[in-house]
Amino acid sequence: MSRFRRIAANPHGRDLAVGDIHGHFQRLQQVLDEVGFNPAHDRLFSVGDLVDRGPCSQQALEWLEQPWFHAVQGNHEALAISHRYGGRVDLDMYRSAGGGWFIDLPEAQQQPFVEAFLQMPIALEVQTAAGLVGLLHADSPYHDWALLRASLLEDDDPDVREVCQWSRRRLREGDSSSVAGLRALLVGHTPLLEVKVLGNVWHLDTGGWSRGRFSLLDLATLALVNPAPDAATPHLPAASASPPMPAPARAAPGRSGAVPDDCQ
Ligand SMILES: [Mn+2]
């Protein structure tokens, strides 16, 4: 288990990144198919929150086993770990945030998920021809990537993890300062109508798991490979660009511990 992971450049294909997935692996696969994602050569990087809310959270295990899929640990993976190991988790909050599928699993079936989630780093960095790209779920507690890297490698500071996985301060304050030592930092956690860049921090959760769409960002070019059809036609005044997504409709409660048929 390592809280920080370094990944070498991909000399064979594309490196793409995606925002929160939240149990919608089928929708994500459809988008990957549309852009010609080739798992033999390409890689997909995830900013975490693979599970909860959507119908197919249990597919996270299969995705995490794929050699072309790399994900950091989001706050929803952290909730599962805390719940399994007796940490303080508000069960009403966790269930309302989509964790019911996990809460209701027998402990023996929770265990493989927790073991896989524990293997997910809090942050990772990927080398590209144009420079280093970092990923974490929510925000960096430091303005210098080297400080975060050192902290995660050398300490296990719960305050650092808390910011990495939960913070919405940057978006709330419109903080456009950059994180030094990176070409770009890719994050998710807060669903937005379109990708939003503050400083060198790219907010990628465009609600593909909700009422929005999955945005795929090419790490080498920092270009969206599937821009929204109307992206070239700005129709919103600048002041209202990228407001938060409307709250998603609550998913229908599934059968306890059962994988929905359309997730097989
Ligand atoms: Mn999140």
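Points worth noting:
- So residue 73, is it surrounded by 15 or more Cβ atoms within 10 Å (Cβ to Cβ) and more than 16 Å from the ligand (Cβ to nearest atom): no
- Residue match in the range 86-93 (condition: touching a residue at least 12 places away in the same chain (Cβ under 8 Å) and part of a helix (DSSP H, G or I)): yes
- Selection of helices (runs of 4 or more DSSP H) fully inside the range 134-187 by the criterion of at least 1 residues being surrounded by 22 or more Cβ atoms within 10 Å (Cβ to Cβ), more than 16 Å from the ligand (Cβ to nearest atom) and in contact (Cβ under 8 Å) with a residue 40 or more places away in the chain returns 145-154.
- Test for residue 27: is it part of a helix (DSSP H, G or I) and away from the ligand (no atom under 16 Å from the Cβ): yes
- Flag for residue 127 being within 21 Å of residue 2 (Cβ to Cβ), assigned to a strand (DSSP E or B) and either in contact with an Asp or Glu (Cβ under 7 Å, 6 or more places away or on another chain) or not charged (D, E, K, R) (or both): yes
- Unique residue being assigned to a helix (DSSP H, G or I) and touching a residue at least 12 places away in the same chain (Cβ under 8 Å) when the list is 73, 110: 110
Residues are listed down the side, and each one gets a yes or a no for (1) farther than 24 Å from residue 226 by Cα; (2) under 17 Å from the mean Cα position of the chain (by Cα):
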| residue | (1), (2) |
| --- | --- |
| 128 | no, no |
| 137 | no, yes |
| 159 | yes, no |
| 176 | yes, no |
| 197 | no, yes |
| 203 | no, yes |
| 212 | no, yes |
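Since every read-out is calculated from the coordinates, none of them should be taken as a lab result. Every value quoted in this text rests on a predicted model; they were computed, and no experiment measured them. Positions of Cβ are generated from backbone atoms using ideal geometry, with glycine treated the same way; all protein chains shown enter the neighbour counts.
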